[in-house]
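Have a look at the structure below, then the notes.
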Amino acid sequence: VERDEHGNYRLPVEIDSWTVLSLGQVVFDRPAFHNQRYIYPVGYKKKNSLHRWYRSMVDPRSDTQYTCEILDGGQEPIFRLEADDNPGEVYMGPTPTTVWTIAVRRAFAIRNMDYGHNPVGPDFFGLRKNTIAKMIQDLPNADQCKNYIWQTF
């Protein structure tokens, strides 16, 4: 991923099926903003790329683009999800899995299908993608997240 003259990643950038709009800022002094596997930077924002949309929650015949964001909820992050084809309805919750479970179940329900398990929220947020995880790990103060286990990519 390209960097600017100051060493910052050039955004937005398309990485596989996601477009990273903002990496956000690492909150290292509040434990809920990271764990052993993930850092949840406030202001992180990504969309599904145009070539990989996900099922719509309002139209069973179409797919749509989703925007995922991580917000500052005080002592813990707030994960926010919004579909382009239903902009008035926003899902927010304490984990990425919480909000994506709602979306996936609704998308399956309008198609009269069952979805028997919860989605992997960090995957749907792009946080499990190595390139994105490295970009987040490269942010200032990521090395101060005491519970996070540093990864080699």
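Read-outs throughout are calculated quantities, based only on the coordinates presented, and are distinct from any laboratory measurement. Quick caveat: nothing in here was measured; it's all calculated off a predicted structure. Here the Cβ positions follow ideal geometry from the backbone for every residue, glycine too, while neighbour counts run over all protein chains shown.
Want the number for TYR115 to ASP143: 0.36 nm per residue separation, take away the alpha-carbon distance, what's left? Walk me through the numbers before you get to the answer.
Details: separation 28, 0.36 × 28 = 10.08 nm, distance 3.78 nm.
The TYR115-ASP143 span can extend by a further 6.3 nm.
Based on Cβ point charges of +1 for Lys and Arg and -1 for Asp and Glu, what charge dipole magnitude is obtained for the chain about its Cα centre, in debye rounded to the nearest 20? Please list the in-between numbers first.
Details: 18 positive and 19 negative charges, 79 e Å.
Roughly 380 debye, rounded to the nearest 20.
Helix-derived [θ] at 222 nm for the chain: sum -39500 (n - 2.57) over DSSP H runs of at least 4, divide by residue count, nearest 500?
Details: 3 runs with 26 residues, N = 153.
Using -39500 (n - 2.57) per qualifying helix, the result is -4500 deg cm²/dmol.
Go through TYR44, ALA107, GLY74 and say which Cα lies farthest out towards the positive end of the charge dipole of segment 1-114; charges sit on Cβ, +1 for Lys and Arg, -1 for Asp and Glu.
ALA107
Would you kindly derive the ³J(HN,Hα) couplings of segment 60-66 from the backbone phi angles with the Karplus curve 6.51 cos²θ - 1.76 cosθ + 1.60 (θ = phi - 60°), listing them in order in whole Hz, with x for Gly and Pro?
The phi angles translate into x, 9, 9, 10, 8, 8, 10 Hz.
How high is the relative contact order of segment 13-144, given as a whole-number percent (alpha carbon pairs under 8 Å, six or more residues apart)?
On the way: 248 pairs, mean separation 28.7, N = 132.
After rounding, I find 22 percent.
Once the dipole of segment 13-144 is set up with Lys and Arg at +1 and Asp and Glu at -1 on Cβ about the Cα centre, which of SER56, ILE132, ALA32 lies farthest towards its positive end?
The residue sitting most towards the positive pole is SER56.
For the Cα atoms of the chain, what angle does the longest principal axis make with the long axis of helix 96-109, in degrees from 0 to 90, nearest 10?
It is inclined by approximately 20 degrees.
With the cut-off at 20 Å, report for the chain the share of all Cα pairs above it, as a whole percent. Before the final figure, lay out the partial values.
Numbers: 5656 of 11628 pairs.
For the chain, the fraction of Cα-Cα distances above 20 Å is 49 percent.
Kindly state, as a whole number, the per residue volume in cubic angstrom of the convex hull around the alpha carbon atoms of segment 105-149. The partial results should precede the final answer.
Working: hull volume 4.6 nm³, N = 45.
Output value, Cα hull per residue: 102 Å³.
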